[in-house]
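The values are calculated or read from the model by the stated rules, or taken from the named source; none is laboratory data. From a predicted model like this one, the values you see are computed outputs, not experimental measurements. We place every Cβ from the backbone using ideal geometry, glycine too, and count neighbours over all the protein chains shown.
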Amino acid sequence: MKADWFSAQNTFKVGVGGESFPLKEFFTFAVTNPNRSNPDSAGDDRLIPYDLTQGGKPFLVDQSKTGKRISGFIQDDIISGQWVFSPGVRYDLFSLFEDESAISRGLVLGTLSMMISHCDSHITEL
């Protein structure tokens, strides 16, 4: 959205996005050599519960989970004379095993000639 606020040319942008992604994890192992769980033969006795030769059961991980990401942003490009002032804020929510969120703030201050010489894609929006 373009507008003239505060005697300056403004380009106001708002956006939202998100995605959902499934995660499937399957892993198993078992000890079949009794020396691997015997500390007397350089084994590790923590493996005894998974040693099939000693009545243990296989270690098993079989999990499914759906993760998600949701984000949104607000940004304004303000041009006043040769000055360009671009404040913005972004919010991100990530959810998989725990919910995590972040707010990012940004500010760019420069001159119009700097913007033209360093960002050719920005020229078409001016």
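Observations on the model:
- Filtering the stretch 66-87 to residues that are touching a residue at least 60 places away in the same chain (Cβ under 8 Å) and either of a type outside the set (Phe, Trp, Tyr) or exposed (fewer than 14 other Cβ atoms within 10 Å of the Cβ) (or both) leaves 74, 75, 76, 77, 78, 79, 80.
- Of all residues in the stretch 1-47 being surrounded by 14 or more Cβ atoms within 10 Å (Cβ to Cβ) and part of a loop (DSSP other than H, G, I, E, B), the one that is modelled with the highest pLDDT: 30
- Within the stretch 52-104, the residues that satisfy the criterion of being part of a loop (DSSP other than H, G, I, E, B), under 22 Å from residue 19 (Cα atoms) and in contact with a strand residue (DSSP E or B) (Cβ under 9 Å, 6 or more places away or on another chain) are 96, 97.
- Per-region count, the stretch 48-65, residues of a type in the set (Lys, Arg) and surrounded by 11 or more Cβ atoms within 10 Å (Cβ to Cβ): 1
- Residue 57 at pLDDT 95 or above, out of contact with any Gly (no Cβ under 9 Å at 6 or more places or on another chain) and among the charged types (D, E, K, R): yes
- Any hit, the stretch 6-27, residues being free of Cβ contacts under 8 Å to residues at least 12 places away in the same chain and over 30 Å from residue 111 (Cβ atoms): no
- A Cβ distance below 6 Å, combined with a sequence gap of six or more or placement on separate chains, defines the contacts here; from the stretch 37-57, residues that are of a type in the set (A, V, I, L, M, F, W, C) reach residues that are outside any helix (DSSP H, G or I) in the pairs 47/31; 52/30; 52/32.
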